[in-house]
Amino acid sequence: DLSGSRIYGDDFDVVYLPDVANGVGYRKLIGDAITRECVVNLNLMSIPLPNFSIVPSLRVMHEDSDANVDGVATRSTFTQDFSGHSDRERLDVCERLDLRYSGITNWVFYGGGEWTEGQGNLAERGGIGQIGGVGVGRIRRETDDTRTFQKYFLGARWYPTHRISADAGGYVKINHYDYDHTFDNTANNSANRYPAYLTMQSFETYDGRVRLTWRPLLNLTLVTRYEYQLSTVHTRPDSISTLTKVESSEMTSHILAQNVSWSPWSRLSLQAGFDYVLSDTKTPVSDLIPAGLSAAPILKAQNNYWTVNFNSTFVVDQKTDLNVGYYYYRADDYTDNSPAGVPYGAGAEEHGVTAGMVRRLTANLRLGLKYGYFRYDDQTSGGHNNYDSHLLYSSLQYRF
């Protein structure tokens, strides 16, 4: 369920004042959306040799969703009721193959691949449309899409001593999307061509990582990890736009992580983790006015952030476990660059606290209950997207 308003003014949450200088907005917005998912997972393990295993798996997911919205559009002294509707359906079939070999002393080698074929459709109707002679007509659009994903991964793990292990690996992932707009009442050479003018997008990611695990004590484990990712996005619009295929963005990420696990007592385990990520997104626009050539350069999108997490599990008795966790996220990259372009840098802070219980009802049946509280503060929207949320979760597991 959603509701809200978009009123132009010099601050957030201002009242609506008819002004010819204000653009098109809306109030009394109310809507709802529902999504239904069906997922099937099939797995098979085969060990044809004593030190070699093969695990093929299949995952099929079907999803459909519907959304409706109503509201009152505003522009100057004009007001107009509007409504909109969309429905989407998608089907994805994912095949995966995992290989593992441990025939060399103190070494484990692993690799495999993952392939996904998917198709779907999206229908869109309505919208604000024209009001007071400004804007475009209400949208009527139908889009079919196909997607193919492929991922190949390879890695090795080494155990030089019984207290130390090291592993290194990486993967290549290629996601490809094709769009066929079977019906679109907005011409692809008009001012309202986005997003229907996109006909193809592809994402390529190259990832490499190293990890060191050290157990200085029997009840203490330290894990240090570094990961590097390079991703590129290629985009092709409709030919009527006279634009060609381009590399629309390049994303680079460095990930540093440190985890500590300690069990001071047989009934108690503690775990703490720290992650620091350096990430930016470069686009052709960010090269037009680079930093140093203008007082207001077009900036790359920065998404540097760090997180801290803590978890503890206490075994009450043979049937009951208690768990408490805390999570903190901070991104401080926001720069108000609005005179030159959109300020893409992330600026947000989030706290999360969870508490849960697992109860073994029988030897095969487990009941899980969890409560969580989360607070999010968003700098990029001037605090307008801040929220507090509560989570209630339950699960019932039967073990054969």
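The values are calculated or read from the model by the stated rules, or taken from the named source; none is laboratory data. Here the structure is a predicted model, which means the values were calculated and not measured. Backbone-built Cβ (ideal geometry, glycine too); neighbour counts: all protein chains shown. Note: accessible area is taken over every heavy atom of the protein model, side chains too, but ligands, DNA and RNA are not part of it. Shrake-Rupley method; radii C 1.70, N 1.55, O 1.52, S 1.80 Å.
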Counting only residues that are of a type outside the set (Ser, Thr, Tyr) and within 30 Å of SER102 (Cβ to Cβ), segment 46-82 contains a total of 11
Within segment 343-379, residues out of contact with any strand residue (DSSP E or B) (no Cβ under 7 Å at 6 or more places or on another chain) and over 18 Å from ASN304 (Cβ atoms) come out as THR362, ALA363
Checked segment 39-52 for anything within 29 Å of ASN106 (Cβ to Cβ) and either hydrophobic (A, V, I, L, M, F, W, C) or part of a loop (DSSP other than H, G, I, E, B) (or both); matches are LEU44, MET45, ILE47, LEU49, PRO50, ASN51, PHE52
Note on segment 260-269: residues open to solvent by less than 50 Å² (accessible area, probe 1.4 Å) and closer than 19 Å to ARG225 by Cα are SER261
Subset of segment 179-224, residues under 22 Å from ARG140 (Cβ atoms) and modelled with pLDDT of 95 or more, comes to none
Kindly indicate whether any position in segment 151-171 is in a strand (DSSP E or B), of a type in the set (D, E, K, R), more than 24 Å from SER102 (Cα to Cα) and in contact (Cβ under 8 Å) with a residue 12 or more places away in the chain.
no
Considering segment 235-258, residues that are open to solvent by 50 Å² or more (accessible area, probe 1.4 Å) and at pLDDT 95 or above, and then whichever is farthest from ARG209 (Cα to Cα), we arrive at GLN258
Of the residues in segment 121-142, those that are without any contact (Cβ under 8 Å) to a residue 60 or more places away in the chain, assigned to a strand (DSSP E or B) and on the phi < 0 side of the Ramachandran plot number 9
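Let's see how each residue does on (1) within 28 Å of VAL277 (Cα to Cα); (2) open to solvent by 90 Å² or more (accessible area, probe 1.4 Å):
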{"position": "TYR329", "(1), (2)": "yes, no"}
{"position": "ASP332", "(1), (2)": "yes, yes"}
{"position": "HIS351", "(1), (2)": "yes, no"}
{"position": "GLY356", "(1), (2)": "no, no"}
{"position": "ARG360", "(1), (2)": "no, no"}
{"position": "GLY372", "(1), (2)": "yes, no"}
{"position": "GLY383", "(1), (2)": "yes, no"}
With the condition kept exactly as written, say whether any residue in segment 91-98 is assigned to a strand (DSSP E or B), closer than 20 Å to ILE34 by Cα and not β-branched (Val, Ile, Thr).
yes
If we ask which residues in segment 13-23 are open to solvent by less than 100 Å² (accessible area, probe 1.4 Å) and either modelled with pLDDT of 80 or more or more than 30 Å from ASP66 (Cα to Cα) (or both), their number turns out to be 6
Per the filter on segment 53-76, residues in a strand (DSSP E or B) and within 30 Å of ILE7 (Cβ to Cβ) are SER65, ASP66, ALA67, ASN68, VAL69, ASP70, GLY71, VAL72, ALA73, THR74, ARG75
Screening THR105, THR79 for residues that are open to solvent by 40 Å² or more (accessible area, probe 1.4 Å), over 30 Å from ASP178 (Cβ atoms) and part of a loop (DSSP other than H, G, I, E, B) leaves only THR105
Checked pairs for segment 48-67, first surrounded by 14 or more Cβ atoms within 10 Å (Cβ to Cβ), second assigned to a strand (DSSP E or B) and aromatic (Phe, Trp, Tyr), C-beta under 6 Å and 6 or more apart or across chains, list as PHE52/TYR101
